[in-house]
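A.B. asks: To start, I am sharing the structure in question, which I have written as structure tokens.
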Amino acid sequence: MIKNKQTFNIKETAEIFIPDQMGRSSYLIALFISIVMLAAIGGIYTKLPQNVPLYFTLPWGELRLAGRLTLLLLPIISIVVVIVNIILGRISMKLSPLLPRVLAVGSVVIALMMFVSLFGIVQSLIL
């Protein structure tokens, strides 16, 4: 009798998708930052006003305001960037060993920028 050895191992799967240890760590950090942003938004959501300042490039006034639900765009964009960079890194792995690492570090930088933006928005509401 032959036993079927097809079990799912997350570590092996991660090594297949992202063979570089630094890349895996970078993507995990970016995803962790995104989860922290989601948790922070969930924790303060009921305390937020109906409209929050989100579009800082627009002229001063009501045009800068957006519904508080749009704050979820920040972690969602961060997660989408991570997914796209994983796909691009997988495709470009054959072209250059440096490019997947740059994409991984770029994901962390973008996640940090989104976190700082969220912090600034919440801080502007508190002060």
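The values are calculated or read from the model by the stated rules, or taken from the named source; none is laboratory data. Computed from a predicted structure; not experimentally measured. No Cβ is skipped: glycine too gets one built from the backbone with ideal geometry, and neighbour counts run over all protein chains shown.
A.B. asks: Go through the residues of the stretch 44-62 one by one and say whether even a single one is within 28 Å of I18 (Cβ to Cβ), touching a residue at least 40 places away in the same chain (Cβ under 8 Å) and surrounded by 14 or more Cβ atoms within 10 Å (Cβ to Cβ).
C.D. replies: No, the stretch 44-62 contains no residue that is within 28 Å of I18 (Cβ to Cβ), touching a residue at least 40 places away in the same chain (Cβ under 8 Å) and surrounded by 14 or more Cβ atoms within 10 Å (Cβ to Cβ).
A.B. asks: With the requirement that a residue be over 19 Å from V116 (Cβ atoms) and charged (D, E, K, R), what does the stretch 45-67 give you?
C.D. replies: Listed by number, the residues that qualify are K47, E62.
A.B. asks: Also: Looking at R68, is it under 19 Å from I126 (Cα atoms), modelled with pLDDT of 85 or more, among the charged types (D, E, K, R) and surrounded by 13 or more Cβ atoms within 10 Å (Cβ to Cβ)?
C.D. replies: The answer is yes for R68.
A.B. asks: A follow-up question, please. Which ones in the stretch 22-39 are among the polar types (S, T, N, Q) and closer than 12 Å to V105 by Cα?
C.D. replies: Hits for the stretch 22-39 are S25, S26.
A.B. asks: Residues of the stretch 110-127 being in contact (Cβ under 8 Å) with a residue 60 or more places away in the chain and either at positive phi or among the aliphatic types (A, V, I, L, M) (or both), which ones?
C.D. replies: Across the stretch 110-127, the qualifying residues are I110, A111, L112, M114, L118, I121, V122, L125.
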